[in-house]
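Read the structure below first, then the notes.
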Amino acid sequence: MATLKGRAEFSRFMQQLPDEMRKVLRGAGRAGATVVADEAKARSISAEVSESVKVKVRTGDGQVIAKIQTVGPGAYLAPWLEYGTSEHFISVDDSQRQGRSIGRINLLSKEHGHSLVIGGNFVGTTVLHPGARPHPFLRPALDTKQVEALAAAQAYINARVTPAGIVGTAEPEDPE
C-alpha cells in the first residue's frame with residue numbers, strides 16, 4: 001500500500017499560494033508602472049510636477065491596479081501641464097480684498113512676491129491670460145514605454161516564480 005508524506009505541508013503551501021501570488025502581481029504592477037512614471041518625470045517641464053508623480057498599487061475584486069498619479073503640492077499643476085489651459089481672466093476676488101483697492105493689493109502682494117503686477121507694471125483689476133500650451137508628459141510616457149513596462153513586469157514575475165516556488169521578497173516596499 002502506498003503512503004503519502006507531506007500532505008500537511010502541501011496543503012499549507014496551497015493555501016498560502018493565492019496571497020503570495022497577489023503580492024507578486026502587485027510587485028509586477030509596481031515594476032511596470034515605475035518604468036512609465038520615471039519616463040513621465042523625465043518628460044515633465046515642471047520640477048514641481050515631476051516630484052509629484054507617484055506609483056500606487058492596490059488589489060481588489062480579483063484585480064491588481066497600478067496607477068501613476070500626481071500627489072502632493074505639484075499635483076494641481078499636472079492637468080494644466082498635460083492639457084494646457086484656455087484663455088481666461090485673472091482677478092482679485094472681492095471677498096479677498098478686505099476693503100483694499102487693487103493698487104494696495106498689488107503693492108502688498110509685490111512685497112510678498114506675487115501680484116497683479118506684470119513686468120513691474122500695474123495691470124489693473126483683471127488680466128486676460130492668453131492660456132497655456134499643453135505639454136503632455138503622462139500619455140507620451142505610456143505610449144513610449146508600454147513595451148518596456150510590460151517587460152519589467154514580466155521580468156519581476158519570472159524572477160520570483162520558479163519551479164521551486166515563489167522566491168525572494170514578493171513585493172518592493174511602498175516608498176510612502
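If the condition is being assigned to a helix (DSSP H, G or I) and either surrounded by 14 or more Cβ atoms within 10 Å (Cβ to Cβ) or not assigned by TED's automatic domain parsing to the domain that holds Ala28 (or both), then the range 151-164 contributes Ala151, Ala152, Ala153, Tyr156, Ile157, Ala159, Arg160. Does Ala78 satisfy being modelled with pLDDT of 95 or more, assigned to a helix (DSSP H, G or I), closer than 30 Å to Val167 by Cα and of a type outside the set (Ser, Thr, Tyr)? No. Comparison of Leu116, Leu4 shows that the only residue that is surrounded by 12 or more Cβ atoms within 10 Å (Cβ to Cβ), outside the structural domain of Arg139 (by TED's automatic domain parsing) and at pLDDT below 95 is Leu116. What about Ile90, is it closer than 18 Å to His129 by Cβ and modelled with pLDDT of 70 or more? So Ile90 fits the description; yes.
Scanning the range 124-176 for residues that are in contact with a Phe, Trp or Tyr (Cβ under 9 Å, 6 or more places away or on another chain) and of a type in the set (Val, Ile, Thr), we see that the one that is modelled with the lowest pLDDT is Thr126. Can you tell which of Gly74, Gly62, Gly27 is exposed (fewer than 15 other Cβ atoms within 10 Å of the Cβ) and more than 16 Å from Lys145 (Cβ to Cβ)? Result: Gly62 is the single residue among Gly74, Gly62, Gly27 that is exposed (fewer than 15 other Cβ atoms within 10 Å of the Cβ) and more than 16 Å from Lys145 (Cβ to Cβ). Kindly indicate whether Glu9 is within 19 Å of Gly168 (Cα to Cα), surrounded by fewer than 17 Cβ atoms within 10 Å (Cβ to Cβ), modelled with pLDDT under 90 and among the acidic types (Asp, Glu). So Glu9 does not fit the description; no.
The values are calculated or read from the model by the stated rules, or taken from the named source; none is laboratory data. Everything quoted here is computed from the prediction, not taken from an experiment. So basically every Cβ, Gly included, is an ideal-geometry build from the backbone, and we count neighbours across all protein chains shown.
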